[in-house]
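These notes concern the structure reproduced below.
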Amino acid sequence: MTSLLNRRILTTVAASMLTASAIAVAVTPADAATPASRTTAAATATAASNVEDVCGTPKPGFDRCFAQIRTDAHEPAHISRAAGTAGKPATPTAAPAGFGPTDLHSAYNLPMAGGANQTIAIVDAGDDPQAEAVLAVSRTTYGLPACTTANGCFRKVNERGAASPLPADQNWGVEIALDLDMVSAACPQCRILLVEADQASGTDLGTSVDTAVKLGATEVSNSYGATESSTTPADAAYYSHPGVAITVSSGDRGYGIPNEPAVFSSVISVGGTSLTRDSSTRGWSETAWNGAASGCSAWVDKPAWQTDPNCPGRMVADVAADADPDTGPATYVTDPVLPSGVLPGWNISGGTSASSPFIAGVIGLAGNPQKFPNASAFYTDHSALNDVVAGNDIGGMDCGGDYQCNAVVGYDGPTGWGTPNGLSGF
């Protein structure tokens with residue numbers, strides 16, 4: 001196996017094929033960070049003025065959730081059930097603005113039925129006391145079957161797998177609501193397991209993944225991360241569970257040093273797109289979302305099934321789905337969030353925090369989690385995916401037109417091999 005020192009050298013050599021700015025990314029001292037400097041990648045990226053990060057800058061040694069929320073799309077909480085239509089002005093008889101389950105199933109050619117024998121776990125930090133109530137409002141609004149503790153569909157536990165005591169609130173309520181909504185949207189019949197870590201440390205979150213698997217999860221979604229570092233390989237064991245599909249958000253800061261756990265070879269790293277309606281046969285089009293994180297690992301060896309030419313380490317991402325907050329899903333939240341004044345009720349959210357739980361839900365809908373001990377199945381056969389061939393993930397850096405940050409025909413960093421087109425690829 002290539003040594004860590006050789007990995008650093010190889011990464012630098014590969015980067016010489018790109019622009020000077022890409023070389024700067026490959027050799028920056030940040031990729032040798034200690035646990036005390038565990039922060040999110042490509043921090044120079046900026047969101048649109050109408051979008052804010054849900055989770056602020058994490059404490060040293062902690063992860064950050066990747067959810068984003070629009071500040072210009074709040075709607076009151078009393079909107080009644082109707083068919084979802086993105087971008088439609090809110091009225092008391094209309095669905096919330098933002099995409100709903102019917103929209104996403106149309107865009108990705110998915111059936112509404114399936115997955116009744118699957119349990120999708122979402123791992124988050126801290127307790128959201130209103131999680132089940134928020135889930136009920138969202139599912140009722142879109143006419144989805146009830147998913148409650150009483151009917152056995154929903155379960156919430158701490159990182160040790162117990163129903164109590166639950167951890168203190170870590171201000172991840174919007175992230176939790178988004179995760180619940182996207183799993184529900186993709187697979188309305190799947191059971192949902194919410195595992196709440198004591199705090200957003202790598203150890204607590206990783207322990208929560210182990211707990212989810214012990215409790216019978218068939219898919220586990222993780223919408224958080226931190227910049228990879230020399231300590232990254234030690235965390236990999238938490239995310240290796242053959243027989244269980246592990247999906248991870250790639251991040252929301254564009255091209256640069258990749259995030260863990262998205263960079264682990266045992267996970268499906270999920271990038272992001274901007275999804276819009278159009279007049280094509282499909283009825284939809286996608287481009288790479290400019291916030292979708294991509295990058296070449298300096299610390300994780302390239303898996304044998306990944307063969308892209310310009311990265312000697314693990315390349316992020318593998319697949320993608322809608323993540324752009326400007327084309328994002330409607331999300332019902334109860335927490336007052338953000339200094340800018342986003343209020344409880346219906347909002348539009350996004351980030352790769354939306355795409356990871358959605359892909360976990362698609363795998364649950366197909367019912368074949370054992371197919372994904374890693375992402376190799378997508379590299380063997382990606383014919384059933386929508387290839388995304390336009391857009392890039394600027395992230396404040398430029399990789400000189402290379403596939404590592406630009407959507408191209410075939411594989412690319414921001415969107416991997418593409419987005420779901422039915423279930424045959426899953």
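The distance between label points at ASP381 and SER424 comes to 0.9 nm (points 7 Å beyond Cα on the Cα→Cβ vector). Ordering 182-192, 108-118 by mean Cβ neighbour count within 10 Å, with the highest value first, yields 182-192, 108-118. When LYS214, LYS59 are compared by accessible area of protein heavy atoms, the largest-first order is LYS214, LYS59, using a 1.4 Å probe. For the set ASP381, ASP318, ASP278, the ranking by accessible area, highest first and with no ligand, DNA or RNA atoms included, is ASP381, ASP278, ASP318 under a 1.4 Å probe. D by Stokes-Einstein for the stretch 161-218, Kirkwood Rh over Cα pairs, 25 °C, 0.890 mPa s: 197 µm²/s.
A straight chain from THR140 to ARG282 at 0.36 nm per residue would run longer than the Cα-Cα distance by 48.3 nm. Residues in the stretch 122-135 carry Karplus couplings, in order, of 10, 10, 9, 9, x, 8, 10, x, 9, 4, 5, 5, 4, 4 Hz; the curve used is 6.51 cos²θ - 1.76 cosθ + 1.60 with θ = phi - 60°, and Gly or Pro positions show x. Please give the net charge around ASP335, taking every other residue with its beta carbon less than 9 angstrom from that of ASP335, where Lys and Arg add +1 and Asp and Glu add -1. Spelling it out: positives minus negatives among the neighbours equals -2. Taking the accessible area of the stretch 288-426, probe 1.4 Å, and keeping the other protein chains in place, the carbon and sulfur fraction comes to 54%.
Annotation: amide H of GLY251 within the under-5 Å range of ALA293, THR352, sequence separation 5 or more or interchain, hydrogens built in the peptide plane.
Per-residue SASA remark: TRP299, around 30 Å² accessible (1.4 Å probe; ligands, DNA and RNA not included). Of the peptides 98-105, 163-170, the order by per-residue mean of other Cβ atoms within 10 Å, starting with the highest, comes out as 98-105, 163-170.
What does the net charge come to around ALA133 if you take all other residues with beta carbon closer than 14 Å to its beta carbon, with K and R at +1 and D and E at -1?
Surrounding charge for ALA133 is -3.
Potential lengthening of the chain between SER106 and ASN368 amounts to 92.2 nm, from the contour at 0.36 nm per residue minus the alpha-carbon distance. Normalised by the number of residues in the stretch 352-413, the average gap of Cα pairs under 8 Å and 6 or more apart makes the relative contact order 21 percent. Between the beta carbons of ALA116 and THR231, assuming R0 = 51 Å, the FRET efficiency works out to 0.80 to the nearest 0.05.
The residues of the stretch 152-202 expose, per residue, 30 Å² of accessible area to a 1.4 Å probe. Scaled against 2.2 N^0.38 Å for its residue count N, the alpha carbon radius of gyration of the stretch 210-273 is 1.10.
For ASP63, the accessible area of its heavy atoms, probed at 1.4 Å with every protein chain present, is near 10 square angstrom.
The ratio of the alpha-carbon radius of gyration of the stretch 134-286 to the globular-protein estimate 2.2 N^0.38 Å is 1.12.
The values are calculated or read from the model by the stated rules, or taken from the named source; none is laboratory data. Values in this document were obtained by computation on a predicted structure and should not be read as measured data. Because the Cβ atoms are built from the backbone with ideal geometry, glycine has one as well, and the counts that use them run over all protein chains shown. Heavy atoms of the whole protein, side chains included, go into the accessibility calculation; ligands, DNA and RNA do not. Shrake-Rupley method; radii C 1.70, N 1.55, O 1.52, S 1.80 Å.
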